[in-house]
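Colleague: Dropping the structure in here first, questions after.
The values are calculated or read from the model by the stated rules, or taken from the named source; none is laboratory data. These numbers were taken from a predicted model, which means no experiment stands behind them. Note that we place each Cβ from the backbone using ideal geometry, even for glycine, and neighbour counts take in every protein chain shown.
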Amino acid sequence: MTIEYKDSKRIVALEADLTAVQGKSGGTGVSSASGAGGGGGAGVAGGNASSASAGGAGGNGLQNDITGTNLYYAGGGAGSCDGAIISGGLGGGGSSSINNGGSATAGTNGLGGGGGGSRGDNVLGVSGGSGIVILRFTTSGNGYSQAGGTVDTSTVSGQTIISWTATSGTRTFTPTSSFSVEYLVVAGGGGGGSRIGGGGGAGGYRTGTKSVSAQAYTIVVGAGGAGGASQSSGVGGQGTNGSDSSFDTITSTGGGGGGRYSTSVANDGSTGGSGGGGGGNASGSAGGSGTSTNIKPTDVQDNSILVEKDTGNRYWFDDEFSKSNCKAYFTLDETSGNPANHATSANGFSDGNGINGTNGSTGATQNVTGKFDKCFDFSGGNNEQVDMGNTILSGTTDFTMACWINSEVTTSGTYMLFNSYASGYTGGVQFYINGADTKLYYWSSSGDFAGSTAISGTDGAWDFAVVTRSGTTMTIYLNGSVDGTSTVSHSIAGTNMTLGGSSGASGYVFNGKIDEASIWTRALSASEISELYNSGTGKTLLEAKTATWTMEPTFRDDFSTDKGWTNLTSNTSVTTQLNYTETNSTYIRATKDLQDSNALGSGNNMSDNFVIRFELNKTNDATNTANGTQPLIGISSATTDGWFNNQDSIGMILSQDTNQTHSIRAVGADNQYTHQGDSADAAYTWTTGIRYCEVIKNTTADTVTATLYSDSNYSNSLVTATVSTSGKTFSGLRYLSMRNFADNGRSSTVWEMNNIQVYNGVTTIN
């Protein structure tokens, strides 16, 4: 699960506006060697072969729990080689064979895995696995008929699951009324190539929800592609693409066939849902392209929240109802320190306060994988509660408390979710799990009442716990549905509201994880709570909107949290700076190893295209007393003292002279000092304000281009500098380096750097 941030507001997308995930590209075979690339999987590209003895691994597929069991689907087949057998990707990808040893394995049927590549003379390639179509929906009230599928109503309570795996015959789904279904559509995997064969690409992978009505929907299950023919006259056989799978108009594309050995004919892996791996030969061969795009929205409505429920299942949400009367919203994503209350006027909340939380004296464990992003983990020990501040609730005001919980409660005791302590317990708040029966309880001075459903402390599942007060009616909700009601007469006189424990007594700490905690000063309706649960974070579903989509960066940093920068000076701490302001003789000099963050993908020679974007703010226009260079950013081959000195480097430098004239410098330095002519300048007059900077390495054009834009959409270009990289060899490019300084007579100009993004493998973003 991924959550992206824009202007401190969570954003995501509506599935109807988005091409759902299908798969990744295949890997490349080795030139003049017997090593072939792996087929792409739905989630990970196929690996490149690195030598005759090291073929490329099949790319992993994606997990999905639509059947009640979290399984991988659509893994790529491995590429063959002369060395050890290579494993296929998770999700049914077949393993490869080696020269004169072993046999490649086919992709797994029903998972859409690609077949492994075959090695050896006169050896047939192996087939890809067939695909699958799965539908899941609420059983009660939703009638249907079906043909050709297998019906399961036992593995997930209250749900009907139908799986189609046969690649022939009549396959239909016919509802008797209108309702919503979840779907998973996986196509057949591509067959593996032969001789020095690349792995077959996995079948395309699509998942999401769809509204159906009383009509027949056709189901198609794609067969796996055939393996490549045996060697003939020194030429291997290319694997055949898998066949498409579909549910009505939702179609997943068959995986690309694996490439083959040849010195005279086409031998690349084929394009498909996931691309096939390239074969090995005298000149090497490329993997086929996958049909997927990893994209996020860029022009969302202000203050909207968008969350990716699962891969390919994206929704666009309007948060007006949740902003209304929301006093506290703790995402609990902080990796260290105290949690922030995001229900503030700065984030568009009308009723929120600026009181932030305080982790307890012992402190809950942070930086734990949560329902969404990170969460806090409470062990049941003393003083682990989070103090959410005073004045959140008081008197007889209606309210709602909500949070996602992953309970580990298995023994008797009181395990607090929300608590407000009052002397004598006459005006306190207690929303908790009772360990005796593991049900949700709400206690007030007029007594307590329980929900009806026990919550397992051993299944590792996330549950959505809510309690509301409307007048004298208290209601407990569990996972979007009413779980218990009671009538109470209760005035809240407590002070500090705490999460995960009690401010008034020790020994009441929750045992388990808590995520996305929120409090409203009104009772949310049953439909709003259902929307909170079904959306995953709490925003109402809005009508479909048209959005502009952009590729997701492979690395991003707004300096709000530690991203692993190495500080090259003792003057500042980079990891604590957001919109860092320069002063006299004070500067940032730091590097980030992008290989460690996987921003460069496999390998680190950075031979592909890439884009760097960042924001630069000039807050005054004072005259410098000396010429010189101020902000610098780029990707280099080594850590640096702040300059790109005598190393491979690509980036942008901004200088300002004594006349307040700026030069934008594009850098493309091949093992040399950048100020010795291996760059290009373009003049620009800049007084104050934010400019948006972009550096593009374009291997096709053999250029590095640095551009300043006036807008955050990077559409209105102000000035561009371009330097040729023709004939240059860049190796080991992996360190994102930045320098922002105001020393040596340049202290009167103030600069701010923010929101660095790196995109790998592209030259355009929109």
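Colleague: Take the residues of region 91-107 that are hydrophobic (A, V, I, L, M, F, W, C) and either at pLDDT 95 or above or outside any loop (DSSP other than H, G, I, E, B) (or both): which is farthest from GLY35 (Cα to Cα)?
Modeller: Per the stated criteria, the residue is ALA106.
Colleague: Let me ask something additional. I want to confirm something. Restricting to region 38-80 and keeping residues that are in contact (Cβ under 8 Å) with a residue 60 or more places away in the chain and surrounded by fewer than 24 Cβ atoms within 10 Å (Cβ to Cβ), which single residue is nearest to SER274 (Cα to Cα)?
Modeller: Result: ILE66.
Colleague: Now for a separate question. Collect the residues in region 87-119 that are among the small types (Gly, Ala, Ser), buried (at least 24 other Cβ atoms within 10 Å of the Cβ) and farther than 30 Å from GLY68 by Cα, keeping them in residue-number order.
Modeller: SER96, SER97, ALA104, GLY117, SER118
Colleague: Let me ask something else. Looking at GLY427, GLY460 in this structure, which one is assigned to a loop (DSSP other than H, G, I, E, B), at pLDDT below 90 and under 30 Å from ASN70 (Cβ atoms)?
Modeller: GLY460
Listed here are the residues, each with its yes/no results for (1) under 33 Å from the mean Cα position of the chain (by Cα); (2) at pLDDT 85 or above; (3) closer than 16 Å to GLU615 by Cα; (4) outside the structural domain of PRO631 (by TED's automatic domain parsing).
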position: GLN656; (1), (2), (3), (4): no, no, no, no
position: SER663; (1), (2), (3), (4): no, no, no, no
position: TYR673; (1), (2), (3), (4): no, no, no, no
position: ALA682; (1), (2), (3), (4): no, no, no, no
position: ALA706; (1), (2), (3), (4): yes, yes, yes, no
position: SER737; (1), (2), (3), (4): yes, no, yes, no
position: ALA742; (1), (2), (3), (4): no, no, no, no
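Colleague: Follow-up question, since we're still on this one. Tally time: how many residues in region 716-726 are in contact (Cβ under 8 Å) with a residue 12 or more places away in the chain and surrounded by fewer than 14 Cβ atoms within 10 Å (Cβ to Cβ)?
Modeller: 1
Colleague: Next up: Given the criteria of a type outside the set (Gly, Ala, Ser), at pLDDT below 85, in the same structural domain as ASN609 (by TED's automatic domain parsing) and more than 24 Å from ASN609 (Cβ to Cβ), does THR700 qualify?
Modeller: Considered against the rule, which asks whether it is of a type outside the set (Gly, Ala, Ser), at pLDDT below 85, in the same structural domain as ASN609 (by TED's automatic domain parsing) and more than 24 Å from ASN609 (Cβ to Cβ), THR700 comes out as no.
Colleague: Now a separate question. Residue by residue through region 494-544, note down the ones that are more than 19 Å from ASN325 (Cβ to Cβ), within 31 Å of the chain's Cα centre (by Cα) and modelled with pLDDT under 75.
Modeller: Once the filter is applied, which keeps residues that are more than 19 Å from ASN325 (Cβ to Cβ), within 31 Å of the chain's Cα centre (by Cα) and modelled with pLDDT under 75, region 494-544 yields ASN534, GLY536, LEU541, LEU542, GLU543, ALA544.
Colleague: Sticking with this structure for a sec: Condition test on GLY35, is it surrounded by 24 or more Cβ atoms within 10 Å (Cβ to Cβ) and within 13 Å of SER274 (Cβ to Cβ)?
Modeller: Spelling it out, it is not the case that GLY35 is surrounded by 24 or more Cβ atoms within 10 Å (Cβ to Cβ) and within 13 Å of SER274 (Cβ to Cβ).
Colleague: Also: Regarding region 387-401, can at least one residue be identified that is within 12 Å of ASN511 (Cα to Cα) and either β-branched (Val, Ile, Thr) or modelled with pLDDT of 85 or more (or both)?
Modeller: For region 387-401, residues within 12 Å of ASN511 (Cα to Cα) and either β-branched (Val, Ile, Thr) or modelled with pLDDT of 85 or more (or both): absent.
Colleague: Take residues that are in the same structural domain as GLY27 (by TED's automatic domain parsing), modelled with pLDDT of 95 or more and under 28 Å from ASN70 (Cβ atoms) and tell me which of the strands (runs of 3 or more DSSP E) falling wholly in region 143-229 contain 1 or more.
Modeller: Here the list reads 144-147, 150-152, 159-164, 172-175, 179-186, 217-220.
Colleague: While we're looking at this one, here's another question. Mind listing just one residue for me: the one in region 213-253 that is more than 29 Å from the chain's Cα centre (by Cα) and among the β-branched types (Val, Ile, Thr) and, of those, surrounded by the fewest Cβ atoms within 10 Å (Cβ to Cβ)?
Modeller: THR218
Colleague: What tally of residues in region 263-290 results from selecting those that are at pLDDT below 80, hydroxyl-bearing (Ser, Thr, Tyr) and surrounded by 24 or more Cβ atoms within 10 Å (Cβ to Cβ)?
Modeller: Of the residues in that region, 1 qualify.
Colleague: Any idea which of (1) at pLDDT 80 or above; (2) over 31 Å from the mean Cα position of the chain (by Cα) is the one GLU694 doesn't satisfy?
Modeller: It is condition (2) that GLU694 fails.
Colleague: Right, LYS371: crowded, with 16+ Cβ neighbours inside 10 Å, under 20 Å from TYR508 (Cβ atoms) and either modelled with pLDDT of 85 or more or within 28 Å of the chain's Cα centre (by Cα) (or both) or not?
Modeller: Spelling it out, it is not the case that LYS371 is crowded, with 16+ Cβ neighbours inside 10 Å, under 20 Å from TYR508 (Cβ atoms) and either modelled with pLDDT of 85 or more or within 28 Å of the chain's Cα centre (by Cα) (or both).
Colleague: Let me spell it out: the conditions are (1) buried (at least 19 other Cβ atoms within 10 Å of the Cβ); (2) part of a strand (DSSP E or B), and HIS490 meets all of them except one. Which number is the exception?
Modeller: So the condition that HIS490 fails would be (2).
Let's see how each residue does on (1) crowded, with 16+ Cβ neighbours inside 10 Å; (2) closer than 14 Å to PHE247 by Cβ:
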{"residue": "THR138", "(1), (2)": "no, no"}
{"residue": "ASN142", "(1), (2)": "yes, no"}
{"residue": "GLY148", "(1), (2)": "yes, yes"}
{"residue": "ASP152", "(1), (2)": "yes, no"}
{"residue": "GLY158", "(1), (2)": "no, no"}
{"residue": "TRP164", "(1), (2)": "yes, yes"}
{"residue": "SER168", "(1), (2)": "no, no"}
{"residue": "PHE173", "(1), (2)": "yes, yes"}
{"residue": "THR176", "(1), (2)": "no, no"}
